[in-house]
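Since the structure comes first, as structure tokens, the remarks are kept for the end.
The values are calculated or read from the model by the stated rules, or taken from the named source; none is laboratory data. The structure displayed is predicted, hence computed values, not measured ones. Cβ coordinates were reconstructed from backbone atoms using ideal geometry, including for glycine residues, and neighbour counts include every protein chain displayed. Only protein heavy atoms, including side chains, enter the accessible area calculation; ligands, DNA and RNA are left aside. Shrake-Rupley method; radii C 1.70, N 1.55, O 1.52, S 1.80 Å.
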Amino acid sequence: MSTGPGADSAPAPTSTHESTTGGTFSSLKIRNYRLFATGAVISNTGTWMSRITQDWLVLSLTGSATAVGITTALQFLPMLLFGLYGGVIADRLPKRQILLVSQAMLGLCGIALAALTLSGVVEVWHVYLVAFLLGIVTVVDNPARQSFVSEMVGPAQLRNAVSLNSANFQSARLIGPAVAGVLITTVGSGWAFLLNGLSFLAPLVGLLMMRTNELHASVTVPRAKGQLREGLAYVRGRPELVWPIVLVGFVGTFGFNFPIWLTAFADEIFDGGAGMYSFFNILMAAGSLAGALLSARRRSSRLRMLVAAGTAFGLLEIAASLSPTVWLFSILLVPIGMLGLTTNITANTSVQMAADPEMRGRVMSLYMMVFAGGTPVGAPIVGWISDTYGARTGFAAGGAISVIAALAVGFALARVGGLRLKVDLRPGRPHVRFVPREQLATAA
């Protein structure tokens, strides 16, 4: 349900509000969601192990931050090219069945990379190929998984479940890099890839154990011509969908290239190794987990929170890029992780709650296409900047673009909502705030 920026302001599409009851972990009272979350935390741990290992393997094979960026780009390129078609499929077919197939295929990709690495024949092009195949599967898996959440928990618990999904992912991010660091330095990268492949057995078992009669009624759309255009037209006509997607597009494309920056800072700036890179990821995960849990406690999704979090996120990235010591850099990674997750969760929840059920798959595919699909554009650019002008410049550039995008979207939302900036210098009053235009006219 869409509301204005506050209860006392004029109605406008500048926030999305949906109450959530039962506390921080209320969604876990639902059996189907518990099964989903349990399987997810195991497979997410494997995924993070694989991501850290993949980035370090590519850097070891090539010595190039650009190569790491290319790997990341190839993994997200299918989302950019075919993401909207994945949403159409998610709207047409039962989402649980889609996930059974897609999760199995993700596991097979992990096992294939493990076989190549353990056999000692792995080359960088093998990693590129597996990354691209993972991206192909994700095109369908992502919108199906995102929209399946509402079928498990219903609209009243949707915000809480989306936040807990992110908390789940970030909890795994705390464990995965640490395990990956140990495995890389002791038994080798191949075992990390193998454990990742096997970890997908957990979500498959969880999906098979679900009670289908307890799922909320799903909406499937019959096959018809023009469904892709219909989805785009639907989003284009709704500012409460357009602007969050625009913001996460810029932040995802330029502000979330952490595999490039953290490998470069660990290897070049601070002369560390795989252990330092894993440590940086753990710190970011700790902040991200805190951000996800705080989001789970909030009872509404307001777009002004999205704009504020996006702005602060970019400013902290700039500050981190200038950090003279490893300790200051490490400390700043925690709030960067927190604000990055707050930005993502607020946008994700706002978009899901504002979308009609029969359009949710297509809307979420557009969201993920913009958020993750922008990486093939941003990662090589940021990797090239980092290689050419230094990791500090690359990190600062990503933060600056995020700040500019957040401020631009904030003013766009204010304009759509009929708001104006008001400066009040009287003691005891807010000095700067947005108010409805008619309130300014009355005051004048």
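Key figures
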quantity	calculated
Leading residue by the ranking (nearest to L293 (Cα to Cα)) among those in the stretch 146-177 that are small (G, A, S) and open to solvent by 10 Å² or more (accessible area, probe 1.4 Å)	S166
Test: residue in the stretch 133-148 that is farther than 25 Å from L341 by Cα and modelled with pLDDT of 90 or more	yes
Leading residue by the ranking (farthest from the chain's Cα centre (by Cα)) among those in the stretch 259-278 that are charged (D, E, K, R) and closer than 15 Å to G69 by Cβ	E268
From A397, A408, residue being out of contact with any Phe, Trp or Tyr (no Cβ under 8 Å at 6 or more places or on another chain), open to solvent by 10 Å² or more (accessible area, probe 1.4 Å), part of a helix (DSSP H, G or I) and at pLDDT 85 or above	A408
Residue satisfying all of: in the stretch 229-251; among the aliphatic types (A, V, I, L, M) and surrounded by 15 or more Cβ atoms within 10 Å (Cβ to Cβ); farthest from G399 (Cα to Cα) among these	V235
Answer from T47, T72, T117 - the residue that is part of a helix (DSSP H, G or I), of a type in the set (S, T, Y) and surrounded by fewer than 22 Cβ atoms within 10 Å (Cβ to Cβ)	T47
Pairs with Cβ under 8 Å, 6+ apart, first in the stretch 103-116 and over 19 Å from A37 (Cα atoms), second aromatic (F, W, Y) and in a helix (DSSP H, G or I)	G110/F193; I111/F193; L113/F193; A114/W191; A114/F193
Extreme residue, surrounded by the fewest Cβ atoms within 10 Å (Cβ to Cβ), among residues of the stretch 369-391 that are at pLDDT 80 or above and aromatic (F, W, Y)	Y389
Cβ pairs under 7 Å, 6+ apart, first in the stretch 350-362 and touching a residue at least 24 places away in the same chain (Cβ under 8 Å) and hydrophobic (A, V, I, L, M, F, W, C), second open to solvent by less than 20 Å² (accessible area, probe 1.4 Å) and not in a helix (DSSP H, G or I)	M353/T16; M353/S301; A354/T16
Test: L333 is out of contact with any strand residue (DSSP E or B) (no Cβ under 7 Å at 6 or more places or on another chain) and either open to solvent by 20 Å² or more (accessible area, probe 1.4 Å) or within 20 Å of V149 (Cβ to Cβ) (or both)	no
Residues that are crowded, with 22+ Cβ neighbours inside 10 Å and modelled with pLDDT of 80 or more, drawn from the stretch 60-69	V68
Considering residues of the stretch 185-205 that are closer than 27 Å to A290 by Cβ and open to solvent by 20 Å² or more (accessible area, probe 1.4 Å) only, the residue modelled with the lowest pLDDT	L195
Selection status of I52, modelled with pLDDT of 85 or more, among the β-branched types (V, I, T) and part of a helix (DSSP H, G or I)	no
Residue count, the stretch 72-123 (criterion: at pLDDT 90 or above and among the hydrophobic types (A, V, I, L, M, F, W, C))	16
Matching residues in the stretch 293-303 - criterion: being surrounded by fewer than 19 Cβ atoms within 10 Å (Cβ to Cβ) and modelled with pLDDT of 70 or more	L294, R297
